[in-house]
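Take a look at the structure below.
The values are calculated or read from the model by the stated rules, or taken from the named source; none is laboratory data. Please read these numbers as outputs of a predicted model, since none were measured by experiment. Note: ideal-geometry Cβ built from the backbone for every residue, glycine included; neighbour counts use all protein chains shown. Ligands, DNA and RNA are excluded from the accessible area calculation, which covers all protein heavy atoms including side chains. Shrake-Rupley method; radii C 1.70, N 1.55, O 1.52, S 1.80 Å.
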Amino acid sequence: MSDQRNFFVGGNWKMNGSKASIDGILQFLNEAKIPANTDVVCGPPTAYLSYVKERIQAGVQVSAQNCYKVAKGAFTGETSPAMLKDLRIGWVILGHSERRHVFGESDELIGEKVKHALDEGVKVIACVGETLGERESGLTEEVVFKQTKAIASNVSDWSSVVIAYEPVWAIGTGKTATPEQAQEVHLRLRAWLSDNVSPSVAASTRIIYGGSVNAKNCQDLATKPDVDGFLVGGASLKPDFITIINAKG
Ligand code: PEP
């Protein structure tokens, strides 16, 4: 990781938790000392955003897991970036593979959401990643570049964007990309940013890895120069998350 880029660890709680279980997560998060060179963001379900925001230590930021592409209106069940801002939620995860594959979100919709969130001043963790079939067909680069292009063409302010490379075959499966596999894609993504956006954006944008990161594998992954942090699902619900936050230490 470059000195230009603070390490970044995000926790995606997905659709998990109750006030009682969240109290347990808050306890270990609030006891943790966050390393100075690391940004930590946790993403509770929408229903608990305020509950978490009101109780979490100042050193941990809070993210939504999704938002819609317009400010308000007849969109039952949706949440707007304006509402997130009203709750002082500074981040949103967009393009997660579960949004793409379970809810059928297209590159185009994800691009529109990225644009609107950034226009409203909400920072974005933008996810990209190939399926196992795509990897086995040699399409990893093509898929990841296409998804990144749909995001990049909607980015006005790169300092408000973190890219999460999350191979779909590694999410929630216990099958982690090797440090070499992660580094290879991150390096290519950074080269894509350099060629298609600018060398300075490529040098300063955090590219984090997600997919079955845990307390055991995080340190090896963190040694790779283009792995600037993690997006963590399952392990972000457990005290293991604190070990992952400290992976760079
Ligand atoms: C995720 O949900 O973004 C994720 C990477 O999940 P897990 O860590 O459980 O694979």
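General remarks:
- Taking every alpha-carbon pair under 8 Å whose residues sit at least 6 apart, the chain reaches a relative contact order of 22 percent.
- Tensor-based shape of the range 149-216 (alpha-carbon gyration tensor, a/c under 1.5 rounded, otherwise prolate or oblate): prolate
- Per residue, the accessible area of the range 122-172 comes to 38 Å², computed with a 1.4 Å probe over protein heavy atoms only.
- Amide H to amide H distances under 5 Å link Trp13 with Gly43, where only residues 5 or more positions off or on other chains count and H is placed in the peptide plane.
- Sorted on the mean count of surrounding Cβ atoms within 10 Å across their residues, most packed first, peptides 94-106, 18-30, 118-130 read 118-130, 94-106, 18-30.
- Per-residue 3J(HN,Hα) values for the range 226-233, derived from phi via the Karplus relation 6.51 cos²θ - 1.76 cosθ + 1.60 with θ = phi - 60°, read 9, 9, 9, x, 9, 10, 10, x Hz in sequence order (x marks Gly and Pro).
- Contact order relative to length of the range 1-61, as percent, for alpha carbon pairs under 8 angstrom and 6 or more apart: 44 percent
- Of all DSSP beta bridges in the chain, antiparallel share, percent nearest 5: 0 percent
- Cα gyration tensor category, rounded, prolate or oblate, for the chain with a/c compared to 1.5: rounded
- Annotation for the range 143-249: trypsin sites (Lys or Arg not before Pro) lying in DSSP loop with at most 13 further Cβ atoms inside 10 Å of their Cβ are Lys175, Lys216.
- Each peptide in 65-74, 221-230 receives the mean, over its residues, of other Cβ atoms within 10 Å, and ordering these scores from highest gives 221-230, 65-74.
- Ile110 sits among other residues whose Cβ lies under 12 Å from its own Cβ, and their net charge, with Lys and Arg +1 and Asp and Glu -1, is +3.
- Gaussian network model of the chain, Cα within-10 Å springs - most flexible of Gly111, Gly138, Gly174: Gly138
- Summed side-chain charge close to Phe230 - residues other than Phe230 whose Cβ falls under 11 Å, Lys, Arg +1, Asp, Glu -1: 0
- The range 127-155 and the range 26-97 have their alpha-carbon centroids 25 Å apart.
- Each residue of the range 216-224 was assigned a 3J(HN,Hα) from its phi angle through the Karplus expression (A = 6.51, B = -1.76, C = 1.60, θ = phi - 60°), giving 8, 9, 5, 5, 5, 4, 5, 6, 6 Hz with x at Gly and Pro.
- Neighbourhood net charge (14 Å Cβ-Cβ; Lys/Arg +1, Asp/Glu -1) for Leu139: -2
- Rounded percent of accessible protein surface that carbon and sulfur make up, the range 7-245, 1.4 Å probe: 51 percent
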